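The structure under discussion appears below in the form of structure tokens.
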Amino acid sequence: MRFSRRGLWAGLFALATVFALGVAEPAMAKSKSGAPLRVFAASSLTDAMNELGDIYATQGHPKPVFNYASSSVLARQIEQGAQADFFISADEPWMDYVGERKLIDVATRKSYLSNKLVLVAPVGKPLNITIGPNMDLFGALNGGKLAMGDPDSVPAGKYGKAALQALGVWSSVEGSVVRAENVRAALKFVDTGNAAAGVVYLTDQMADKNVQLVGIFPEVSHPKISYPMAVVKGGQTSDAKAFEKFLQGAEARAVFTRFGFILQ
């Protein structure tokens, strides 16, 4: 049987097309919608989540679009109808907030990350103080400001106020507090020298070379730091569940550990 050259090339092209589609199909199947996930995450997760987003993209998924802010801001954005597929809060109460409003799939809610609450100061300007009951934090500030997330709404600020109250020093430093919109904003005040000290997470201090560790607050001085995550209703549910599974995998857990988070 004889084949024309044109027929031979057409056959080879068809075979190559079938092969290409067969190879591409598994990768394409990893994202059912084809659109990037919209992930709302507490600002303290910025560095870890950015790296994890890159890793996720190398596995054939569209790179997630991240929205970083205080957990309180994110929860209210979701309540007001912002388009979100996945939410990670820096405390349980703000996840409770969206859960009570039936905005998340409660069956997907999980908490396995924690952190440490620390006192920091600008590099080269250390505070001569040891964290403990009735410490003279006001005196150590020497007229400077203490930056922290807004204690009325920001998780890090709420943890910080609780710790300072437990140690008996909140009333003496309350007037020196700069109430930041999120923990990374509080860190920035210290980084730039606009605050003599700050109360942030250990992971934040580790991410900023211009900020040094003064001390770690005792865990018993504040509520347990916990990062719950859940799939948001009305979004890309199946893709969000796949992303949550990825975040619980060995590769993601290794990244969280490297950035200083505590695995529960």
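Throughout, read-outs are computed from the coordinates displayed, never taken from laboratory work. Please read these numbers as outputs of a predicted model, since none were measured by experiment. Positions of Cβ are backbone-derived with ideal geometry, glycine not excepted, and every protein chain shown enters the neighbour counts.
Things worth noting here:
- At 1.002 mPa s and 20 °C, Stokes D of segment 62-141 from Kirkwood alpha-carbon radius, µm² per second: 134
- Using C-alpha pairs under 8 Å with a sequence gap of at least 6, the mean separation divided by the residue count of segment 147-264 gives a relative contact order of 25 percent.
- Taking a point 7 Å out from the Cα of Ala82 in the direction of its Cβ, the residues of segment 39-56 whose backbone N falls within less than 12 Å of it are 39-43.
- Principal-axis tilt of helix 46-58 within the chain, Cα atoms, nearest 10 degrees: 10
- For the chain, the C-alpha radius of gyration divided by 2.2 N^0.38 Å, with N the number of residues, is 1.30.
- Listed by chain and number, the aspartates and glutamates whose alpha-carbon sits under 13 Å from that of Lys102, ignoring those within fewer than 8 places in the same chain, are Glu79.
- Pair-distance distribution P(r) for segment 119-264, from all Cα-Cα distances in 10 Å bins starting at 0: 11, 37, 30, 15, 6, 0 percent.
- Qualifying lysines (Cα of each under 22 Å from Cα of Lys209; at least 8 residues distant if same chain): Lys116, Lys125, Lys145, Lys188
- Size of charge dipole - segment 50-111 - debye, nearest 20, with Cβ of Lys, Arg +1 and Asp, Glu -1, no other charges: 140
- Dipole in debye (nearest 20) - the chain, about Cα centre, beta carbon charges: Lys, Arg +1; Asp, Glu -1: 1040
- Shape metrics for segment 46-182, restricted to C-alpha atoms - Rg then Dmax, Å: 18.2, 55
- Relative contact order of segment 54-143, pairs being alpha-carbon contacts under 8 Å that are 6 or more residues apart, as %: 15
- The chain: calculated mean residue ellipticity at 222 nm from DSSP helix runs of at least 4, using -39500 (n - 2.57): -12500 deg cm²/dmol
- Inter-label distance, Val65 to Gln212: 4.3 nm, where each label sits 7 Å from its Cα along the C-beta direction.
- Segment Ala35..Thr257, full-extension length gain: 77.0 nm, with 0.36 nm per residue of separation and the alpha-carbon distance subtracted.
- Proximal aspartates and glutamates to Lys63, defined as alpha-carbon separation beneath 20 angstrom and excluding residues fewer than eight positions away on the same chain: Glu25, Asp47, Glu51, Asp54, Asp85, Asp239, Glu244, Glu251
- Pairwise FRET efficiency - Asn142 versus Arg101, Cβ, R0 = 35 Å, nearest 0.05: 0.20
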